[in-house]
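Asks: Take this structure, written in structure tokens, and hold onto it; I'll ask about it next.
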Amino acid sequence: MHQGTLLIIDDEISIRESLAFLFEDEGYRIFTAENGHVGLDLFFREKVDVVITDLRMPVMDGLEVMRTIHASDPDLPMIVISGAGKKKDVIQALQMGAKDYISKPIIDLDIIVHVVRKVFENRRLAFENKAYSERLKKSEKQYRTITEQIAEGVLTVDAQENITFVNPAFCKMMGYSADRLLSMNLEQISTRDSFLYILKQTQILKQGKTSRYEIQLVHANEHPVHVELACSPINQGKDQTYTGTIIMARDISRRIELQRQYQYFVKHAKEMPEHVIAICANCKKIRGEDRLWKDIEKAFNQLTFSHGICPDCCRKLYPDMDFEITEDDN
């Protein structure tokens, strides 16, 4: 763990030594300087966490010291100790980063110990918050890079179903630009029944649970897009308050259409003429008498197949060539 370092700048030797002994006993690393020039030399040579400085000193006063330090490190905390401070000087010192102002003579040393402890604690928290913020920004950047390259649609919405993030795949799926989608609510790209179902699923998400369901969205060209949504809640704060949802969206329109065709076929199968052979429009498998789907070669295992091109296809593919078959060719 880093040991806290204090720089004490004061032209009164008794104050410098008293404070140095006091804070060494508190476990701090101490540097002392009798004027502003020496203090700044130490500041730029050593790693200093907090500066304690007098305002009125010969050679260089405390305000000039603070001004130089503030220009170099605006976030460095400074504590002012002075017995001849004017109101204007105090205000100026506070504007340049002074975290507190203590008047001389210092009657109760516990006061300055408390002030220094508070300053170090605030500094520690500031560093932790900064580190956390940097990690968060890095994570968000990595997350956005991944989601922008992923093939499936990704979007986030807030607690009111307003769209707050979309990846390129979702924009392509819906036919809208990212800017347009980010100005919309899920209600605007859903059918009425689908949006009511979304609101119902949001109640589940608010309980901290995930949700997966199928609904119908509306493309920019106004045709339906059947999607499967996998949703996870976004919770923030100590009480894990629900603030929105991250959604993975998969276009299942092709699957829905095949299901519809299959259901139509099953419904009308009895109405078909005898000896009709059922063939899958997608994979070209054939349903046999045992009602099992088989590859076409396996379905007609009593036949021998050879692959070639029929004369009609040859004429279409190669119109300039003569494919007439004579008796001599047989």
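Asks: Does at least one position in segment 6-16 carry a residue that is surrounded by 15 or more Cβ atoms within 10 Å (Cβ to Cβ) and hydroxyl-bearing (Ser, Thr, Tyr)?
Replies: Checked against the condition, which is being surrounded by 15 or more Cβ atoms within 10 Å (Cβ to Cβ) and hydroxyl-bearing (Ser, Thr, Tyr), segment 6-16 yields no hits at all.
Asks: Separate question: Starting from segment 182-200, take each residue that is in contact (Cβ under 8 Å) with a residue 24 or more places away in the chain and closer than 13 Å to residue 218 by Cα and list its partners that are open to solvent by 20 Å² or more (accessible area, probe 1.4 Å) and of a type in the set (A, V, I, L, M), counting only C-beta distances under 7 angstrom and pairs at least six apart or across chains.
Replies: So the pair list comes out as 189/218; 190/218; 191/218.
Asks: Further question on the same structure: For residues that are in contact with a Lys or Arg (Cβ under 9 Å, 6 or more places away or on another chain) and of a type outside the set (Asp, Glu), scanning just segment 214-229, find the one that is surrounded by the most Cβ atoms within 10 Å (Cβ to Cβ).
Replies: Taking the candidates together, the pick is 227.
Asks: Go through (1) within 25 Å of residue 127 (Cβ to Cβ); (2) part of a helix (DSSP H, G or I); (3) in contact with a helix residue (DSSP H, G or I) (Cβ under 7 Å, 6 or more places away or on another chain) one by one and return the number of the condition residue 100 breaks.
Replies: (2)
Asks: Write out, first by first residue and then by second, each pair whose Cβ atoms fall under 7 Å of each other, whose residues are 6+ apart or on separate chains, and whose first residue, in segment 30-43, is within 14 Å of residue 11 (Cα to Cα) while the second is part of a helix (DSSP H, G or I) and open to solvent by 60 Å² or more (accessible area, probe 1.4 Å).
Replies: Listed by first residue and then by second, the contacts come to 36/64.
Asks: To continue, here is another question. Residue under question is residue 114, and the condition is that it be open to solvent by 20 Å² or more (accessible area, probe 1.4 Å), farther than 21 Å from residue 20 by Cα, out of contact with any His (no Cβ under 9 Å at 6 or more places or on another chain) and not β-branched (Val, Ile, Thr); does it hold? Can you show your working first?
Replies: Details: open to solvent by 20 Å² or more (accessible area, probe 1.4 Å): yes; farther than 21 Å from residue 20 by Cα: no; out of contact with any His (no Cβ under 9 Å at 6 or more places or on another chain): yes; not β-branched (Val, Ile, Thr): yes.
Judged against the criteria, residue 114 is not a match.
Asks: Please work out if residue 63 is over 38 Å from the mean Cα position of the chain (by Cα), in contact (Cβ under 8 Å) with a residue 24 or more places away in the chain and open to solvent by less than 40 Å² (accessible area, probe 1.4 Å).
Replies: The answer is yes for residue 63.
Asks: Of the numbered conditions (1) of a type outside the set (Asp, Glu); (2) under 30 Å from residue 198 (Cα atoms); (3) in contact (Cβ under 8 Å) with a residue 24 or more places away in the chain, residue 141 fails exactly one; give the number of that condition.
Replies: Residue 141 satisfies all of (1) of a type outside the set (Asp, Glu); (2) under 30 Å from residue 198 (Cα atoms); (3) in contact (Cβ under 8 Å) with a residue 24 or more places away in the chain except (3).
Asks: For segment 36-60, name all the residues that are in a loop (DSSP other than H, G, I, E, B) and open to solvent by 50 Å² or more (accessible area, probe 1.4 Å).
Replies: Result: 46, 47, 56, 58, 59.
Asks: Quickly run through segment 66-92 and pick out the residues that are part of a loop (DSSP other than H, G, I, E, B), touching a Lys or Arg at 6+ places or on another chain (Cβ under 7 Å) and open to solvent by less than 10 Å² (accessible area, probe 1.4 Å).
Replies: The answer is 77, and nothing else.
Asks: Something else about it: Take the residues in segment 117-136 that are open to solvent by 60 Å² or more (accessible area, probe 1.4 Å) and within 19 Å of residue 26 (Cα to Cα), then tell me which one is farthest from the chain's Cα centre (by Cα).
Replies: Going through the qualifying residues, I end up with 117.
Asks: Looking at (1) open to solvent by less than 40 Å² (accessible area, probe 1.4 Å); (2) in contact with an Asp or Glu (Cβ under 8 Å, 6 or more places away or on another chain); (3) outside any strand (DSSP E or B), find the lone condition where residue 187 falls short.
Replies: (1)
Asks: Quick check, is residue 32 under 47 Å from the mean Cα position of the chain (by Cα), among the β-branched types (Val, Ile, Thr) and open to solvent by 40 Å² or more (accessible area, probe 1.4 Å)?
Replies: For residue 32, the condition - under 47 Å from the mean Cα position of the chain (by Cα), among the β-branched types (Val, Ile, Thr) and open to solvent by 40 Å² or more (accessible area, probe 1.4 Å) - is met.
Asks: Given the structure, is residue 170 hydrophobic (A, V, I, L, M, F, W, C) and either closer than 18 Å to residue 248 by Cβ or outside any helix (DSSP H, G or I) (or both)?
Replies: yes
The values are calculated or read from the model by the stated rules, or taken from the named source; none is laboratory data. Predicted model only: the values in this text are computed from it and were never measured. Positions of Cβ are generated from backbone atoms using ideal geometry, with glycine treated the same way; all protein chains shown enter the neighbour counts. Side chains are part of the model used for accessible areas, which takes the heavy atoms of the whole protein and leaves out ligands, DNA and RNA. Shrake-Rupley method; radii C 1.70, N 1.55, O 1.52, S 1.80 Å.
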